[in-house]
Amino acid sequence: MGETHRSANVQLDAAGQTLPGPIPAGGAAVDPDWAARVRRLAAQRDAVILAHNYQRPEIQEVAHHVGDSLALARLAAASTAQVIGLCGVYFMAETAKILSPERTVLIPDAGAGCSLADSITPGQLLAWKAEHPGAAVVAYVNTSAEVKALSDVCCTSANAAEIVAAIPAEREVLFLPDQFLGAHVRRVTGRENLHVWAGECHVHAGISPQALRDMAAANPEAELFVHPECGCGTSALWQAGTGDLPAARTRVLSTGGMLLAARSVRSPTVLVATETGMLHQLRKANPAVRWEPVNPHATCHYMKMITASALERCLRDGTTEVHVAPETAARARRAVEAMIATGPTQAGAS
């Protein structure tokens, strides 16, 4: 522990999440028979299908809602469906269950983990808290239910800076577990008493500052959308300030922020530094733009474990149901509800 311790007519709401609607004919290659079966099974179970932006295109197409972690948390909290089918990684399904304990939460593959969530354990957090008595613990939502339960408030990349800024300036803050997002929040808030856990998402960590510079040099007219979890995220705005990157065209954004910004892009090309699944929604939101990944190999194999057959089996057989111990869920709910009550910052990592 260190001190770094859908097509052009897609409809979006104010949070940048896809609104429910018919499955588009264009875009992703979706088997219409499979899509009809999945929607029929969902209707029979009174299930809402929520999919993260990093999911396979066919999963995004058949889902009732597509969004980032904050949007999915809000949707889970507001849902009136009896069943929530969460197409994402396991901590997202746990978050849905924490917010909707009376509903059945299903995940198509319980093995869909997260390297970032695995980078800190409850025992490690307890030891870190003991080193900084009285500190506020801000946990990125990419953590286990047990870690959330030990935290004061959760956050996503969309509202991390705003949540940290709201904590009294004299109080120490322990930010976990993503070191790149933590460094971004420290830069945005100017907070010197912010201690950051040295965790990372293995996919985002693989998107390097050099790759970003090389892609920007090869595409001099392009805009740059950079997720703050990326290995290049911390240095992107610094490089923009020194002239290594185009300052006016470099933006650090959550995935929800990227989708909101996509609609107003005027540049012919946008270079995207995040998991490649995000390109599907961006291309649909603004098909006139050429959307290119900074690292075409930045693919999360955990996210891609949610396959077409796994989703159909999940809704047909009711597997796999996600459970969170009631006492853990009760403690974690306070931290998660504080997160969803805070809107994303409108600049920077919004």
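Of note:
- Stretched out straight at 0.36 nm per residue, the stretch from Ala169 to Ala35 would grow longer than its current Cα-Cα span by 43.2 nm.
- The charge dipole of the stretch 106-207, taken about the Cα centre with unit charges on the Cβ atoms of Lys, Arg (+1) and Asp, Glu (-1), comes to about 160 debye, rounded to the nearest 20.
- Exposure rank, largest accessible area first [His227, His202, His323; 1.4 Å]: His323, His202, His227
- Counting all C-alpha pairs of the stretch 149-279, share separated by more than 26 Å (%): 23 percent
- log10 of Debye I(q)/I(0), alpha-carbon scatterers only, for the chain at 0.06, 0.08, 0.09, 0.11 Å⁻¹: -0.20, -0.36, -0.45, -0.68
- Largest first, the three principal axis extents of the alpha carbons in the stretch 95-156 are 39, 24, 19 Å in whole numbers.
- Cβ-defined net charge surrounding Ala139, 9 Å radius [Lys, Arg +1; Asp, Glu -1]: 0
- Computed on protein heavy atoms with a 1.4 Å probe, the accessible areas place Glu102, Glu275 in the order Glu102, Glu275, largest first.
- Potential extension, Glu321-Ala130 segment - 0.36 nm per residue separation minus Cα distance: 65.3 nm
- FRET efficiency, 1/(1 + (r/R0)^6) with R0 51 Å, evaluated for Ala248 and Asn193 via beta carbons: 0.95
- Within the shell defined by Cβ-Cβ distances under 10 Å, the residues around Leu116 carry a net charge of -4, with Lys and Arg each +1 and Asp and Glu each -1.
- Ellipticity estimate at 222 nm from DSSP helix runs (n ≥ 4, -39,500 (n - 2.57)) divided over the chain, nearest 500: -11000 deg cm²/dmol
- Computed log₁₀ I(q)/I(0) - Debye formula, equal Cα scatterers, no solvent, the stretch 72-185, q 0.09, 0.18, 0.22 Å⁻¹: -0.26, -0.94, -1.24
- Within the stretch 34-177: Cβ-based charge dipole about Cα centre, in debye rounded to nearest 20 (Lys, Arg +1; Asp, Glu -1): 580 debye
- In the chain, taking the dipole from charged Cβ atoms about the Cα centre, the farthest positive-side position among Val83, His323, Gly134 is held by Val83.
- Rg and Dmax, both from the Cα atoms of the stretch 261-350 and both in Å, are 18.4, 51.
- Listed residue (Cys300, Val270, Leu253) projecting farthest to the positive dipole end of the stretch 245-350, Cβ model: Val270
- The local environment of Thr95, defined by Cβ-Cβ distances under 14 Å, has a net charge of +3 under the rule Lys, Arg +1 and Asp, Glu -1.
- Surface calculation, 1.4 Å probe, protein heavy atoms: Val83 sits at approximately 10 Å² accessible.
- Cα gyration tensor, the stretch 236-304 - rounded (a/c under 1.5), prolate or oblate: oblate
- For the set Glu312, Glu146, Glu229, solvent exposure ranked by accessible area (probe 1.4 Å, protein chains only) runs largest to smallest as Glu146, Glu312, Glu229.
The values are calculated or read from the model by the stated rules, or taken from the named source; none is laboratory data. Just so it is clear, the structure is predicted and the values come from calculations on it, not from any experiment. Cβ: placed from backbone, ideal geometry, glycine included. Neighbour counts: every protein chain shown. For the accessible areas, the whole protein counts, side chains as well, though only heavy atoms, and no ligand, DNA or RNA atoms are used. Shrake-Rupley method; radii C 1.70, N 1.55, O 1.52, S 1.80 Å.
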